1. Of all chymotrypsin sites (Phe, Trp or Tyr not before Pro) in segment 163-226, which ones are in loop regions per DSSP and have a Cβ with at most 16 other Cβ atoms within 10 Å?
2. Do you know the relative contact order of segment 72-180, to the nearest whole percent, from alpha carbon pairs under 8 angstrom that are 6+ apart?
3. At 0.36 nm per residue, and after removing the present C-alpha to C-alpha distance, how many nm does the segment from Thr130 to Ala148 gain when stretched out fully?
4. Of the cross-linked pairs Lys294/Lys336; Lys145/Lys249; Lys73/Lys180; Lys217/Lys336; Lys201/Lys249; Lys215/Lys249, which ones have a Cα-Cα span greater than 28 Å in the structure shown?
5. If you work out Rg and Dmax of the Cα atoms in Å from the coordinates, which of (1) 25.0, 99; (2) 20.5, 69; (3) 22.0, 75 do you get?
6. Taking the dipole about the Cα centre of segment 269-343, with the C-beta of Lys and Arg at +1 and of Asp and Glu at -1, give me whichever of Val287, Gly309, Ala339 is farthest to the positive side.
7. With a 10 Å cut-off between alpha carbons and a GNM built on the chain, which of Pro66, Pro173, Pro275 moves the most?
8. Set Lys and Arg Cβ to +1 and Asp and Glu Cβ to -1, take the dipole of the chain about its Cα centre, and tell me which of Phe143, Val265, Pro254 lies farthest positive.
Amino acid sequence: MERRSFLRTLRSAFAGVAAYLLASRNTKGQPAAGVGIRVNEPVPAGSVNDSYRFKLGMYLPELQLPFDQALAKAKEIGVESVWVNRLYQEAEIAELSDAEADRMAQRVQRQGLEIFLLSAGSSFKHIHLTELDKDNPTANERFQKDLAELVRCMEIASRIGVGAVGAFTFAWPGEYSAGKPTWGMRWLTRGGYIAEVDMKKWVAAFTLVAEEAEKHKVDVALSMMPWNYTNTTGNFRRLVEAVGSRRLKVMWGPADNFNSGEWDVSTAGFNNVRPHLHGLHLKDLHVSDGLRLKFEYRPLGTGDVDYPGVLRNLRAHRSDAVLSLSTHFTPVGGTKEDAMRTNYANLQSLIREVESEAEDRRRSAGRERA
């Protein structure tokens, strides 16, 4: 048996066990909410789940087009909602006046779209967590600036009727200054060891964020990426349970989790994020050497991520999370729009596959009852 096939067999064999073990305990060692529900449990035939429909969105900046053109393309491609983090070639979100924010919302509405997530650029993405003071995070000027911009984003979101804003979750030590020195440790440990002092800093910072979110009555969807502390679903769960705020949600990134060594992301990973899902950041990749950070982005459904498994679980639990298309690759001789169209077509194919399986189960159950 080839090594790749052997590893795939091992993954399939242990995925269910890993899902139960990781999902059945929270970070304090207590049983987690929702344990006992099988992640791939079929939708009962004849139930309300039979009418389930996936919500489709797009990470708008990846089109790299002026705002109105990007909105028109998103609508043409076929999505219903968009994730906006700036007005391309115009202004940053946090710089908008109330009147300008109102006009932005009107421009989106004219295209028959809605904003499902609004971000003030990339809040906290490039700040190393080690730079913060655990007792006074706002003493750090960069954090103070990003927090102020995020709060302004919350004000705008609340004003124009957007339910969630986006944020990143701080960089690992030396990530952007010393060549990713902790990468090997993070990959080998499926996410990395977070020192107690850094955990306190992390919780302190996002406690402030959660308090502001509560004031403005919006959620905060945290992004996942290999370079930040929410590189895996396990790390996200540690943070959200430690902060204890209903306002902290997640933009789940299965490809980012897989790239960070969390190969059971469609099973155990799904259980970790399920209660907190706001959306999914959809892209795909192939990891050739995880320890040495060798990977390549690929069209959706052609890489290593088990997207059929992800979609089955979303459908089984009637998740209202938005499937937000991204790309991160460009076809040879093509454009970002071409890449987005490819990923949209591939996502539709994956959805048809999952829906066909559900229909087959429904018909089979109907025949058994007859």
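1. Values: sites: Phe168, Phe170, Tyr176, Trp183, Trp187, Tyr193, Trp202, Phe206; in loops: Phe168, Phe170, Tyr176, Tyr193.
Within segment 163-226, the qualifying chymotrypsin sites (Phe, Trp or Tyr not before Pro) (loop, at most 16 other Cβ atoms within 10 Å) are Tyr176, Tyr193.
2. On the way: 143 pairs, mean separation 33.3, N = 109.
With pairs under 8 Å counted, the relative contact order is 31 percent.
3. Values: separation 18, 0.36 × 18 = 6.48 nm, distance 2.01 nm.
Stretched out fully, the Thr130 to Ala148 stretch lengthens by 4.5 nm.
4. From the list (Lys294/Lys336; Lys145/Lys249; Lys73/Lys180; Lys217/Lys336; Lys201/Lys249; Lys215/Lys249), the Cα-Cα distance tops 28 Å for Lys73/Lys180; Lys217/Lys336.
5. From the options (1) 25.0, 99; (2) 20.5, 69; (3) 22.0, 75, the structure gives (2).
6. Projecting each Cα onto the dipole axis, the largest value belongs to Gly309.
7. In this elastic network of the chain, the residue with the biggest mean-square fluctuation among Pro66, Pro173, Pro275 is Pro66.
8. Val265
All of the numbers you see were taken from the coordinates with simple rules; none came from a lab. Since the structure is predicted, the reported quantities are computational estimates derived from the model, not experimental observations. Don't worry about glycine lacking a Cβ; one is built from the backbone with ideal geometry, like all the others, and counts go over all protein chains shown.
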